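The values are calculated or read from the model by the stated rules, or taken from the named source; none is laboratory data. Because the structure is a prediction, the values reported are computed rather than measured. Please note: Cβ atoms are built from the backbone with ideal geometry, for glycine as well, and neighbour counts cover all protein chains shown. To get the accessible areas, we keep the full protein, side chains included, count just its heavy atoms, and leave off ligands, DNA and RNA. Shrake-Rupley method; radii C 1.70, N 1.55, O 1.52, S 1.80 Å.
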Amino acid sequence: MISVIAALLAAEAAPAVTPAPQPPKAEAQKPDAKPTKPLFQPTEVKSTGSVTVGGRRIGYRAVAGTLVVHAKDWEDTDAVEAAAKKADKDDDLPKAEASMFYTAYFRDGAPSANRPITFLFNGGPGSSTVWLHMGAFGPVRVQAFDERHTPAPYNVVNNDQSLLDASDLVFIDAPGTGFSRIAGKDKEKAFYGVDQDIDAFAQFITQFLSKYGRWNSPKYVFGESYGTMRGAGLALALQKRDVDLNGLILLSDILNWDLVPDDPQLNPGIDLPYVVSLPTYAATAWYHNRVANRPADLQSFLAQVEAFATGDYAVALMKGNELPDAERQRIAQQLSAYTGLSVAYLLKTNLRIEYGAFQKELLAEQSATTGTLDTRFVGATLDPLSKVASWDPQSAAISAAYVGAFNNYVRDKLGYGSGIEFKSGIDIYGSWDYKHQPP
């Protein structure tokens, strides 16, 4: 958990609302003509504020609004209509569109045309960007407790770790999340997939550059989790639109899904998830005092674990069923010493520890489960008979604080969102289209 700063956010001026442009009057159409009017219109609400970074006050102009993007290849009218007819759809339905919400911060007094600009987003897929916005790099940060639940009323404080001293910032919510919305024919298929999602963000960024005159600015993309996969794809998608990035920043990257410890059984021939996750398990066990003869220095302890993970442990996993019983027992005992899990349990797992199982088993005798993204958090085990943890105590402890604080901040300070529900996340992980067309 990033520490919070005690200084309060400087007073901000009341936001000035710029009315959204009115849609043009529809022209007369023949009875068999297809409707062409858009489902959404861009919106924009302006306000001002300041943040103190490194002891220096930085004034800024904030813009909260939306830009409209279309389905990938939406201009190929014949292809869209043919697909609709094949699916026996109503041809009169408008084509899919997305209204993508953003919050932009422009530093006062800086020559904006040449100033760096960074586009930031969380991942999921299906997550809004409230976490990077309100927990890391925006001008304010949610004041949440470490290791325990944060109750209302929720507070935001000045964020002296904001990146606004070095770059203008644009926090973007993916289609369907936050205040972003999707509508039209086959809207989920149009936006909920690897390539569809990348295309929507590429459209958004190029539109933004034109709207705010930032084509000559050094351009950066900052993605988190699934957003790193999106960011990697965006680098090429933008280049194809003649937009070269000056930098790509990846936080908690997930470029190689064979390294993900959440569902390693999906690719049972790959043992790397167990190897690369072992130091995290060991650090968690060390923190919760589950390591026998617990050393005082965490870093030297983890150096030992990393050497074991990439050495004896990796070799043992590669041997598979050919691993001799005596060696299997030795590896299990060493794993137990590092992770706090019992030898008997580790032998049952065939020496392979799934992430959700570790969350549930580490403190099983206390009927407790550790957090997912921050393993310092602990909560009650809701299903003692489950193989893996059925919930994340860390997420449950802080999510309401982030969402509640942002709802108050965006409506009160930024002047946006009256009468609109903010969706911190949507459940599309399982239905996401993971197919990707390589370069």
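Is there a residue being modelled with pLDDT under 95 and touching a Gly at 6+ places or on another chain (Cβ under 6 Å) anywhere in segment 59-76? Taking every residue of segment 59-76 in turn, none turns out to be modelled with pLDDT under 95 and touching a Gly at 6+ places or on another chain (Cβ under 6 Å).
Across segment 366-377, the qualifying residues are those that are in contact with a helix residue (DSSP H, G or I) (Cβ under 8 Å, 6 or more places away or on another chain) and in a strand (DSSP E or B), and the one among them that is farthest from Val260 (Cα to Cα) is Thr369.
In segment 378-394, is there at least one residue being within 22 Å of the chain's Cα centre (by Cα) and assigned to a helix (DSSP H, G or I)? Checking segment 378-394: at least one residue is within 22 Å of the chain's Cα centre (by Cα) and assigned to a helix (DSSP H, G or I). With the condition kept exactly as written, say whether any residue in segment 123-136 is open to solvent by 10 Å² or more (accessible area, probe 1.4 Å) and closer than 16 Å to Lys219 by Cβ. No: segment 123-136 contains no residue that is open to solvent by 10 Å² or more (accessible area, probe 1.4 Å) and closer than 16 Å to Lys219 by Cβ.
From the list Tyr409, Tyr345, Tyr402, the lone residue that is surrounded by fewer than 17 Cβ atoms within 10 Å (Cβ to Cβ), among the aromatic types (Phe, Trp, Tyr) and at pLDDT 95 or above is Tyr345. Apart from one condition, Asn158 fits all of (1) buried (at least 22 other Cβ atoms within 10 Å of the Cβ); (2) in contact with a Pro (Cβ under 9 Å, 6 or more places away or on another chain); the exception is (1). Scoring Gly425 on the criteria (1) in contact with a Gly (Cβ under 7 Å, 6 or more places away or on another chain); (2) surrounded by fewer than 20 Cβ atoms within 10 Å (Cβ to Cβ) leaves a single failure, condition (2).
For segment 232-254, the condition holds for at least one residue, the condition being that it is of a type outside the set (A, V, I, L, M, F, W, C) and under 30 Å from Asp312 (Cα atoms). Quickly run through segment 412-422 and pick out the residues that are open to solvent by 70 Å² or more (accessible area, probe 1.4 Å) and not in a helix (DSSP H, G or I). If the condition is that a residue be open to solvent by 70 Å² or more (accessible area, probe 1.4 Å) and not in a helix (DSSP H, G or I), then Lys413, Ser418, Gly419, Glu421 are the ones that fit.
Going residue by residue through segment 252-262, is there one that turns out to be among the acidic types (Asp, Glu), under 32 Å from the mean Cα position of the chain (by Cα) and over 19 Å from Arg352 (Cβ atoms)? Yes, there is a match, as at least one residue in segment 252-262 is among the acidic types (Asp, Glu), under 32 Å from the mean Cα position of the chain (by Cα) and over 19 Å from Arg352 (Cβ atoms). Exactly one residue out of Gly356, Gly340 is within 16 Å of Leu278 (Cβ to Cβ), under 20 Å from the mean Cα position of the chain (by Cα) and not aliphatic (A, V, I, L, M): that is Gly356.
Counting residues in segment 308-315 that are over 22 Å from Ile270 (Cβ atoms), modelled with pLDDT of 95 or more and surrounded by fewer than 20 Cβ atoms within 10 Å (Cβ to Cβ) gives zero.
If you go through segment 230-261 and keep only what is modelled with pLDDT under 95, part of a loop (DSSP other than H, G, I, E, B) and surrounded by fewer than 14 Cβ atoms within 10 Å (Cβ to Cβ), you end up with Ser252, Leu255, Asn256. When Ser277, Ser300 are checked against the criterion of being in contact (Cβ under 8 Å) with a residue 24 or more places away in the chain and out of contact with any strand residue (DSSP E or B) (no Cβ under 8 Å at 6 or more places or on another chain), Ser277 stands alone in meeting it.
The set of residues from segment 36-48 being at pLDDT 95 or above and either on the phi > 0 side of the Ramachandran plot or open to solvent by 70 Å² or more (accessible area, probe 1.4 Å) (or both) comprises just one member, Lys46. For segment 109-122, the criterion of being outside any strand (DSSP E or B), in contact (Cβ under 8 Å) with a residue 24 or more places away in the chain, of a type in the set (D, E, K, R) and over 17 Å from Ala62 (Cβ atoms) is met by no residue.
For Glu327, the stated conditions do not hold, so it cannot be described as out of contact with any Phe, Trp or Tyr (no Cβ under 7 Å at 6 or more places or on another chain), within 25 Å of Phe377 (Cα to Cα) and among the charged types (D, E, K, R).
Take Asp197 and decide whether it is at pLDDT 95 or above, of a type in the set (Asp, Glu) and either open to solvent by less than 20 Å² (accessible area, probe 1.4 Å) or closer than 24 Å to Gly65 by Cα (or both). So Asp197 fits the description; yes.
For segment 278-305, a residue qualifies if it is hydrophobic (A, V, I, L, M, F, W, C), open to solvent by 30 Å² or more (accessible area, probe 1.4 Å) and in a helix (DSSP H, G or I), and the qualifying residues are Trp286, Leu298, Ala303. Within segment 262-277, being open to solvent by less than 60 Å² (accessible area, probe 1.4 Å) and part of a helix (DSSP H, G or I) holds for Pro264, Pro273, Tyr274, Val275, Ser277. So which residues in segment 168-183 are of a type outside the set (A, V, I, L, M, F, W, C) and under 17 Å from Ile428 (Cβ atoms)? The answer is Asp173, Pro175, Gly176, Thr177, Gly178, Ser180, Arg181. Annotation for segment 211-233: no member residue is among the hydrophobic types (A, V, I, L, M, F, W, C), out of contact with any Leu (no Cβ under 8 Å at 6 or more places or on another chain) and touching a residue at least 40 places away in the same chain (Cβ under 8 Å).
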